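Taking it in order: structure first as structure tokens, then the write-up.
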Amino acid sequence: MAVAAGDIRVIEGCKPDALPLDELLAAGRPAVLKGAVRDWELVRAGLESPQAAMACLRGHYNGKPVQYSHGGPEVAGRPFYNDDFSALNCEVRRGGLDQVLDEIAAHAEDAHPPTYYIASLLVDGCLPGLRAGNDLDFAAHGVQAPPSIWIGNRVTASCHYDAPNNIACCTVGRRRFTLFPPEQIVNLYPGPLEPTPGGQAVSVVDFADPDFERHPRFREALASGQAAVLEPGDAIFIPSMWWHHVQGLDAFTVLVNYWWSSVPAYLPTPMHALYHALWTIRDRPEREKQAWREVFDYYVFGPGERAGEHLPPAARDLLGPIDENLARRMRAMLIGKLNR
């Protein structure tokens with residue numbers, strides 16, 4: 001197993017109704033919130049037994065079908081790609097949550113069980129009432145962050161990043177988190193942008209058995225990595241754009257997470273810009289690419305006010321601060337240009 005060089009810092013004494021969100025965002029680095037959700041109903045049930053945790057989930061389930069990944073024993077709990085990256089190694093199924101729980105329970109003692117993984121299921125859509133005894137009070141901070149739930153057996157979420165900030169709560173079973181700062185992207189060997197096992201590009205390095213001949217720069221990533229094993233009741237803050245590899249360590253695991261953005265909703269995901277830049281810039285001659293790098297540094301990556309500061313406010317238009325009205329106008333302009 002690949003071992004990161006550092007430990008994730010630990011914050012003691014956090015409570016669901018007193019999250020140090022401002023401190024976490026200001027620090028901009030990961031933190032384990034030790035015991036932050038240990039009093040949740042689901043955590044207490046899981047500490048009693050996996051069966052009690054399953055019963056808790058069944059008690060809140062409204063019967064709506066759920067989407068989940070299923071793979072044979074050969075998948076070894078790692079939804080990923082086939083050998084030539086032409087397809088995923090799991091199939092996506094739909095069924096009842098109670099059915100998935102039954103199948104996980106039936107294979108709980110198997111040395112090499114099939115893989116079952118319900119990923120990023122919105123709690124309010126299928127488990128109404130669960131939040132009453134299992135929730136972080138984001139509303140007290142004026143933040144909209146509807147929780148998602150992740151249910152499976154010993155599943156590994158391959159190393160990836162998310163654009164929003166994230167607090168993930170380990171509710172049933174243990175999980176090992178290995179995190180890397182954004183600048184380690186080149187040393188993590190990202191896979192295809194599409195398709196992906198979970199909606200985001202993932203590292204192709206097998207953390208359980210890394211091949212350093214094929215991926216030599218991964219040693220540099222490990223030197224900058226941080227890791228922690230979360231017990232039930234612990235939570236972890238993962239800052240925006242930090243890469244994270246998440247390994248379920250027990251036969252039944254449940255995690256609840258909250259994503260939220262630090263910018264207004266009218267600012268869309270930068271992934272749109274990445275796809276557009278791949279299309280319009282990447283394959284230009286190197287001299288042109290370097291010139292465009294200077295343009296982007298000037299307009300985008302430098303100080304926000306720089307490009308318009310020498311102009312009268314009324315003349316700045318797109319170079320001034322973006323509000324909701326300007327965002328709508330920019331969107332309409334781009335759609336018009338793309339449809340020509």
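Numbers at a glance
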read-out: Test: residue in region 195-217 that is over 23 Å from residue 229 (Cβ atoms), over 18 Å from the mean Cα position of the chain (by Cα) and among the hydrophobic types (A, V, I, L, M, F, W, C); value: yes
read-out: Qualifying residue in region 20-29 (condition: in the same structural domain as residue 104 (by TED's automatic domain parsing), crowded, with 21+ Cβ neighbours inside 10 Å and in contact (Cβ under 8 Å) with a residue 24 or more places away in the chain); value: no
read-out: Residue selected from region 69-90 under the condition among the hydroxyl-bearing types (Ser, Thr, Tyr) and not in a loop (DSSP other than H, G, I, E, B), by the criterion farthest from the chain's Cα centre (by Cα); value: 81
read-out: Near pairs, Cβ below 7 angstrom, 6+ apart or cross-chain, from region 33-57 (in contact (Cβ under 8 Å) with a residue 60 or more places away in the chain) to any residue that is acidic (Asp, Glu) and outside any helix (DSSP H, G or I); value: 33/234; 34/12; 34/234; 35/234; 36/234
read-out: Checklist (1) farther than 30 Å from residue 107 by Cβ; (2) of a type outside the set (Val, Ile, Thr); (3) at pLDDT below 95 applied to residue 195, failing item; value: (1)
read-out: Checking residue 18 against (1) over 24 Å from the mean Cα position of the chain (by Cα); (2) modelled with pLDDT under 95; (3) closer than 30 Å to residue 138 by Cβ, the condition it does not meet; value: (1)
read-out: Residue that is nearest to residue 323 (Cα to Cα), among those in region 261-305 that are surrounded by 12 or more Cβ atoms within 10 Å (Cβ to Cβ) and charged (D, E, K, R); value: 293
read-out: Some residue of region 115-126 being at pLDDT 95 or above, among the acidic types (Asp, Glu) and in contact with a strand residue (DSSP E or B) (Cβ under 7 Å, 6 or more places away or on another chain); value: no
read-out: Qualifying residue in region 239-255 (condition: farther than 25 Å from residue 193 by Cβ and polar (S, T, N, Q)); value: yes
read-out: Qualifying residues in region 138-194 (those that are closer than 22 Å to residue 42 by Cα and of a type in the set (Ser, Thr, Tyr)) - the one farthest from the chain's Cα centre (by Cα); value: 171
read-out: Matching option when the condition is assigned to a strand (DSSP E or B) and among the small types (Gly, Ala, Ser), among 119, 132, 111, 105; value: 119
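The values are calculated or read from the model by the stated rules, or taken from the named source; none is laboratory data. Everything numeric in this text was worked out from a predicted model, so none of it was measured. No Cβ is skipped: glycine too gets one built from the backbone with ideal geometry, and neighbour counts run over all protein chains shown.
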